[in-house]
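**Student:** Sharing a structure with you now.
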Amino acid sequence: MSTPAGQAAQPDQERRRGGFSSRRVFILAAIGSAVGLGNIWRFPYVAYENGGGAFLLPYLVALLTAGIPFLLLDYAIGHRHRGSAPLSFARLRRGTEGLGWWQVGICFVIAVYYAAVIAWALRYTFFSLDEAWGADPEGFFFGEFLQAGDVRVTADVVPGVLWPLALVWLAVLVIMALGVQRGIGVTSLVVIPVLVLAFAALVVQALLLPGAGAGLDALFAPEWSALTSASVWAAAFGQIFFSLSVGFGIMITYASYVGRREDMVGSGLVVGFSNSGFELLAGIGVFAALGFMAQANGVPVDEVASGGIGLAFIAFPAIISEAPAGALLGVLFFGALVIAGITSLISVIEVVISAVRDKLDTGRLTATLAVGVPAAVLSLVLFSTTSGIYVLDVVDHFVNQYGILVVALVSMLVVAWALRALPVLGAHLNVHGRPRVGTGWRLLTSVVAPAGLAVVLVLALRDDLAAPYEDYPAWLLLVLGWALVVALPLIGFLLARLPWRAGTHLDGPPPGSDPAEPLHAPDPAPHTRHQDDGGPR
Amino acid sequence: MSTAAIVMMVVAMAVIWGGLALAIASLLHHGAVEERAEDPRRDL
């Protein structure tokens, strides 16, 4: 319960949270969050594996019926309640605060391992200059670079991973300490255009390679029979959910930093289509390059097609070695991975920092250090060792499949069915948003999107119960997989029992957050004011 | 490239990048309309 004094202090508290200076900055930051490693190394292979050109149909259906509606739901929650994920959920209904902390926990875990992949990409940006992997990219990656041995958890440090990982964390901590606008906003404003230009240049270079057409043919030739497969539709919904950064606090947090009069529906459409637009660009670039590699080796494209770590750190180095101006191709590819990774990482860690700030009323620098230093230390301890790749693979798989998917599904069901909050959230979006959202959006958010998520979840669970993931030892899957995903909601609901700082408004949206208020009313949103944005207190 | 692949690639580009262009145009247009409608200085 808030006190009158607490209500009076609310606009001041909100200004201290910081915020994006304009809609453009917010949109670029949201695009930066959504466009990550998955757009570059996951989408092309998922599309290729699931019907090629025919995959476009379920992909678009998933985008329009689940991805964008869910994105708008996150925006509505954060924009209306003007807080981090825990604070927004607490303001929606006190008992649901734990959902927000569950999302915060997932973001903390993701940040810890995501930084390691960015560190690898950073090293490979420089490896590209002299093709350090030689004639055996796979042996180089697992052997010389990661020094991966048997599947076990070790404390044997790999210096070649340690220092780039430390650099990544240093950069992220500096960005986060600078604040929402001066850190996240300015970084997004600068690097997102660079990312698009760099990747566009990569695509042009890849399209000029011999064999590019065969690669594009493999990606886009439609296999219409795939449309009758439930797993193909699940893959499309899964790709959209993982790619759009919805359902685990990021978009709630970012939306809370946007001026209250902004058009969140229009912004959501731009972010959703930008994310897919970049995925399409990545698909063209990656498969054009794979077509070249297939032709150079005299094999069909399906023998060289891969996704994830295999695509980035094994297939692409091989392409770089054989392509004319390969060093340029490598710098563009791995540089794009670094940029896309950093902008996503800062959005993930901001979920945690924002929650700590709201709960404990700490300054920006204090919260950044309180969150970032332990995360960096954990990251360095777990992922700069010879067992880092195995730990990363298991944690990534389980946190994605049973962390993000489950919390997204539970959050959506709670908001839609337990709290029945969709009408009020839709009304909030409609005050300044166009196109207007109505019954269709409520239906998609309460039925179609949860159903899509549930199918993805059930299929993933079926696979994991049928056979151990990647044949890893049972103890590894139990400790770093199942135990972790069970612990996160428990920790989340325990954190929700901690008291809020004195005067925190918890009963519905904070005073002054109504977007329907006239223009002359003081805007508590930190639209152009950032007194505390970055300053230690 | 096969004709089917070319068609699907063009359709993908048209739908996704066309959708993005429409979304940006709509956002800019709506923003401008809102600004005109709500900025009292424009009536002076």
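Conditions tested, residue by residue: (1) surrounded by fewer than 24 Cβ atoms within 10 Å (Cβ to Cβ); (2) of a type in the set (Gly, Ala, Ser); (3) touching a residue at least 40 places away in the same chain (Cβ under 8 Å).
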| position | (1), (2), (3) |
| --- | --- |
| A:321 | yes, yes, yes |
| A:324 | yes, no, yes |
| A:354 | no, yes, yes |
| A:365 | yes, no, yes |
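**Student:** Consider residue A:389 carefully, then state whether it is more than 30 Å from residue A:151 (Cβ to Cβ) and in contact (Cβ under 8 Å) with a residue 24 or more places away in the chain.
**Tutor:** Working: more than 30 Å from residue A:151 (Cβ to Cβ): no; in contact (Cβ under 8 Å) with a residue 24 or more places away in the chain: yes.
No; evaluated as a whole, the condition is false for this residue.
**Student:** From (1) open to solvent by less than 10 Å² (accessible area, probe 1.4 Å); (2) more than 10 Å from chain B (Cβ to nearest Cβ), pick out the condition that doesn't hold for residue A:283.
**Tutor:** Every condition holds for residue A:283 apart from (2).
**Student:** Output the residue which, of all residues in region A:182-235 that are among the aromatic types (Phe, Trp, Tyr) and open to solvent by less than 40 Å² (accessible area, probe 1.4 Å), is farthest from the other protein chains (Cβ to nearest Cβ).
**Tutor:** Only one residue tops the list, namely A:199.
**Student:** Could you name every one of the helices (runs of 4 or more DSSP H) located completely within region A:49-103 that has at least 1 residues being open to solvent by 10 Å² or more (accessible area, probe 1.4 Å), within 14 Å of chain B (Cβ to nearest Cβ) and modelled with pLDDT under 95?
**Tutor:** A:56-62
**Student:** Which of the numbered conditions does residue A:252 fail, given that it passes all the others? Conditions: (1) part of a helix (DSSP H, G or I); (2) farther than 15 Å from residue A:347 by Cβ; (3) away from every other protein chain (no Cβ under 11 Å).
**Tutor:** (2)
**Student:** While we're looking at this one, here's another question. If you scan region A:488-498, which residues turn out to be in a loop (DSSP other than H, G, I, E, B) and surrounded by 18 or more Cβ atoms within 10 Å (Cβ to Cβ)? Show your work before the answer.
**Tutor:** At the first step, the residues of region A:488-498 found to be in a loop (DSSP other than H, G, I, E, B) are A:496-498.
Within region A:488-498, just A:496 meets the criteria.
**Student:** Filter region A:403-436 for residues that are within 14 Å of another protein chain (Cβ to nearest Cβ) and under 26 Å from the mean Cα position of the chain (by Cα) and give the result.
**Tutor:** A:429, A:433, A:434, A:435
**Student:** Considering every residue within region A:392-402, establish whether at least one is farther than 24 Å from residue A:99 by Cα and either aliphatic (A, V, I, L, M) or open to solvent by 10 Å² or more (accessible area, probe 1.4 Å) (or both). Give the steps one after another, and end with the answer.
**Tutor:** From region A:392-402, those farther than 24 Å from residue A:99 by Cα are A:392-393; that's our starting set.
Remaining after also requiring either aliphatic (A, V, I, L, M) or open to solvent by 10 Å² or more (accessible area, probe 1.4 Å) (or both): A:392-393.
Checked against the condition, which is being farther than 24 Å from residue A:99 by Cα and either aliphatic (A, V, I, L, M) or open to solvent by 10 Å² or more (accessible area, probe 1.4 Å) (or both), region A:392-402 yields at least one hit.
**Student:** Going through region A:286-299 one residue at a time, which ones are open to solvent by less than 40 Å² (accessible area, probe 1.4 Å) and hydrophobic (A, V, I, L, M, F, W, C)?
**Tutor:** A:286, A:287, A:288, A:289, A:290, A:292, A:293, A:294
**Student:** Right, here's the next one. Let me confirm something: among A:434, A:462, A:501, which residue is touching a residue at least 24 places away in the same chain (Cβ under 8 Å), at negative phi and open to solvent by 60 Å² or more (accessible area, probe 1.4 Å)?
**Tutor:** After applying the criteria, what remains is A:434.
**Student:** Pairs, please: C-beta under 7 Å, at least 6 apart or cross-chain, first residue more than 9 Å from chain A (Cβ to nearest Cβ) and in region B:17-39, second modelled with pLDDT under 95 and open to solvent by 50 Å² or more (accessible area, probe 1.4 Å)?
**Tutor:** Sorted first by the residue in region B:17-39, then by its partner, the pairs are B:36/B:42.
**Student:** What about residue A:439, is it among the β-branched types (Val, Ile, Thr), free of Cβ contacts under 8 Å to residues at least 60 places away in the same chain and surrounded by fewer than 18 Cβ atoms within 10 Å (Cβ to Cβ)? Reasoning before the result, please.
**Tutor:** On the way: among the β-branched types (Val, Ile, Thr): yes; free of Cβ contacts under 8 Å to residues at least 60 places away in the same chain: yes; surrounded by fewer than 18 Cβ atoms within 10 Å (Cβ to Cβ): yes.
Judged against the criteria, residue A:439 is a match.
**Student:** Just wondering, is there one or more residues in region A:209-221 that are in contact (Cβ under 8 Å) with a residue 12 or more places away in the chain, in contact with a Phe, Trp or Tyr (Cβ under 7 Å, 6 or more places away or on another chain) and among the aromatic types (Phe, Trp, Tyr)?
**Tutor:** No; the residues of region A:209-221 include none that is in contact (Cβ under 8 Å) with a residue 12 or more places away in the chain, in contact with a Phe, Trp or Tyr (Cβ under 7 Å, 6 or more places away or on another chain) and among the aromatic types (Phe, Trp, Tyr).
**Student:** Buried (at least 20 other Cβ atoms within 10 Å of the Cβ) and under 30 Å from residue A:472 (Cα atoms): does that describe residue A:163?
**Tutor:** Here the answer is no, as residue A:163 does not meet what is asked.
**Student:** Here is a check on your reading of the model: is residue A:482 under 23 Å from the mean Cα position of the chain (by Cα), aromatic (Phe, Trp, Tyr) and either within 20 Å of residue A:232 (Cα to Cα) or open to solvent by 20 Å² or more (accessible area, probe 1.4 Å) (or both)? I'd like the intermediate steps shown before the answer.
**Tutor:** Working: under 23 Å from the mean Cα position of the chain (by Cα): yes; aromatic (Phe, Trp, Tyr): yes; either within 20 Å of residue A:232 (Cα to Cα) or open to solvent by 20 Å² or more (accessible area, probe 1.4 Å) (or both): yes.
Answer is yes for this residue.
**Student:** All but one of (1) open to solvent by 40 Å² or more (accessible area, probe 1.4 Å); (2) at pLDDT below 95 hold for residue A:171; which doesn't?
**Tutor:** Condition not satisfied by residue A:171: (2).
The values are calculated or read from the model by the stated rules, or taken from the named source; none is laboratory data. These figures come from a predicted structure and were not determined experimentally. Every residue, glycine among them, receives a Cβ derived from its backbone with ideal geometry; neighbour counts consider all protein chains shown. With ligands, DNA and RNA removed, areas are computed over all heavy atoms of the protein, side chains included. Shrake-Rupley method; radii C 1.70, N 1.55, O 1.52, S 1.80 Å.
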